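The values are calculated or read from the model by the stated rules, or taken from the named source; none is laboratory data. On a predicted model such as this, the values are computed, not experimentally measured, just so you know. Here Cβ is always computed from backbone atoms with ideal geometry, including for glycine, and neighbour counts include all displayed protein chains. All accessible areas refer to the heavy atoms of the entire protein, side chains included, with ligands and DNA or RNA removed. Shrake-Rupley method; radii C 1.70, N 1.55, O 1.52, S 1.80 Å.
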Amino acid sequence: MEGQGAGFRKELVSKLLCLHFRDKKTRVSTDAVQLMAEMLRIFVVEAAVRGVRQAQAEDLPCVDVDQLEKVLPQLLLDF
């Protein structure tokens, strides 16, 4: 992919998924880990873009936690 930056390590994504399973014997396929890693990447990029737009709307030079907190509710609804 063009412009693709750093992503999430497969081990981390797999561990995050496994934390939410009730049955500890549940396994996660490689495709599922790759898909989830891509979804996490898109979510983080979208949060960053919305944070920048919020900061611009408030005439601020940089994004702070406050801007991310303001866009988070709508972001969670969209995903």
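The single condition among (1) in a loop (DSSP other than H, G, I, E, B); (2) modelled with pLDDT of 90 or more; (3) not aliphatic (A, V, I, L, M) that D66 does not satisfy is (1). Restricting segment 5-60 to residues that are farther than 23 Å from L76 by Cα and polar (S, T, N, Q), the residue that is most open to solvent (accessible area, probe 1.4 Å) is T30.
Candidates V33, V71, V52, V28: the one that is in contact with a Gly (Cβ under 9 Å, 6 or more places away or on another chain) and among the hydrophobic types (A, V, I, L, M, F, W, C) is V71.
Being free of Cβ contacts under 8 Å to residues at least 40 places away in the same chain, assigned to a loop (DSSP other than H, G, I, E, B) and under 23 Å from Q67 (Cβ atoms): is that true of A6 here?
Considered against the rule, which asks whether it is free of Cβ contacts under 8 Å to residues at least 40 places away in the same chain, assigned to a loop (DSSP other than H, G, I, E, B) and under 23 Å from Q67 (Cβ atoms), A6 comes out as yes.
Regarding D66, is this residue free of Cβ contacts under 8 Å to residues at least 40 places away in the same chain and either out of contact with any Asp or Glu (no Cβ under 9 Å at 6 or more places or on another chain) or surrounded by 12 or more Cβ atoms within 10 Å (Cβ to Cβ) (or both)? Here the answer is yes, as D66 does meet what is asked.
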